Amino acid sequence: MTKILIVDDHQLFREGVKRILDFEDSFEVVGEGDDGSEVSELYSRFEPDVVLMDINMPGMNGVEATEKLKNEFPDAKVIMLSIHDDESYVSHALKSGALGYMLKEMDADAIVQAIKVVAAGGSYLHPKVTHNLVAEFRRLSEREHKGSFQQNDIRRPLHLLTKRECEVLQLLTDGQSNRTIGETLFISEKTVKNHVSSILQKMGVNDRTQAVVTAIKNGWVEVK
């Protein structure tokens, strides 16, 4: 059973998330809060496996609360919830110690998947956020290398991945969700998940974000 703590100052949003999580037999919402200042006390009381934390709250915001929580409980696993997809918000969230960053426009499958990944020790970013981070990564790389970071000639990792896995990896870099990838390639979402798992295993990485960053560094994908 994965125990979950939800901290968000909007009660209606908390209720909506709880309804989604109630459909998962392996999930249990053990506590709720509406202010970042009470997170450490709630964490100590309920000992959750994953904390869903709103980034914008009155008083102590989610970034500050996560930093405080991680200082007191280094093993705490936090997924930040936000309406902002700007890379600066994502960067601050990850620097604070959060393992996940989800937009509040997420669908039910995405939040369930994010919780499972983070509970298992991985990291998870909303596909739209991943795309924005990739774009920022490329911009910074181009500035650092003064134009040497060119990808006109993409070197496909066919020595490592199958042609279909290369296609899935490219679409992950484009920020597409499993469902959208399936629709683009005319395959089922389950098949997409199998391809993603195979990609992670072959590349020796823990999550989608690491796979995308590794692929960019090696010139295996086009960054649009």
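Per the conditions (1) free of Cβ contacts under 8 Å to residues at least 60 places away in the same chain; (2) open to solvent by less than 70 Å² (accessible area, probe 1.4 Å); (3) not in a helix (DSSP H, G or I), the sole criterion not satisfied by ILE4 is (1). Can you find a residue that is surrounded by fewer than 19 Cβ atoms within 10 Å (Cβ to Cβ), at negative phi, of a type in the set (Lys, Arg) and not in a loop (DSSP other than H, G, I, E, B) anywhere in the range 97-113? Scanning the range 97-113, I find no residue that is surrounded by fewer than 19 Cβ atoms within 10 Å (Cβ to Cβ), at negative phi, of a type in the set (Lys, Arg) and not in a loop (DSSP other than H, G, I, E, B), so the answer is no.
When restricted to residues that are at pLDDT 90 or above, part of a helix (DSSP H, G or I) and of a type in the set (S, T, N, Q), the range 69-95 contains 1.
Summed over the range 179-220, residues that are assigned to a helix (DSSP H, G or I) and of a type in the set (Gly, Ala, Ser) total 5. Anything in the range 7-45 that is open to solvent by less than 10 Å² (accessible area, probe 1.4 Å) and farther than 23 Å from VAL63 by Cβ? List them, or say none. If the condition is that a residue be open to solvent by less than 10 Å² (accessible area, probe 1.4 Å) and farther than 23 Å from VAL63 by Cβ, then LEU21 is the only one that fits. Checked against (1) touching a Leu at 6+ places or on another chain (Cβ under 7 Å); (2) among the polar types (S, T, N, Q); (3) at pLDDT 90 or above, THR191 passes all but condition (1). When you look at LEU171, is it modelled with pLDDT of 90 or more, out of contact with any Pro (no Cβ under 7 Å at 6 or more places or on another chain) and open to solvent by less than 40 Å² (accessible area, probe 1.4 Å), yes or no? So LEU171 passes the test. Set side by side, the residues GLU67, GLU32, GLU105 differ, and just one is out of contact with any Gly (no Cβ under 7 Å at 6 or more places or on another chain), in contact (Cβ under 8 Å) with a residue 12 or more places away in the chain and under 21 Å from SER123 (Cβ atoms), which is GLU105.
The values are calculated or read from the model by the stated rules, or taken from the named source; none is laboratory data. Treat the numbers as computed from the prediction; the structure is a model and nothing was measured. Methodologically, a virtual Cβ is constructed for each residue, glycine included, from the backbone with ideal geometry; neighbour enumeration extends over all protein chains shown. All accessible areas refer to the heavy atoms of the entire protein, side chains included, with ligands and DNA or RNA removed. Shrake-Rupley method; radii C 1.70, N 1.55, O 1.52, S 1.80 Å.
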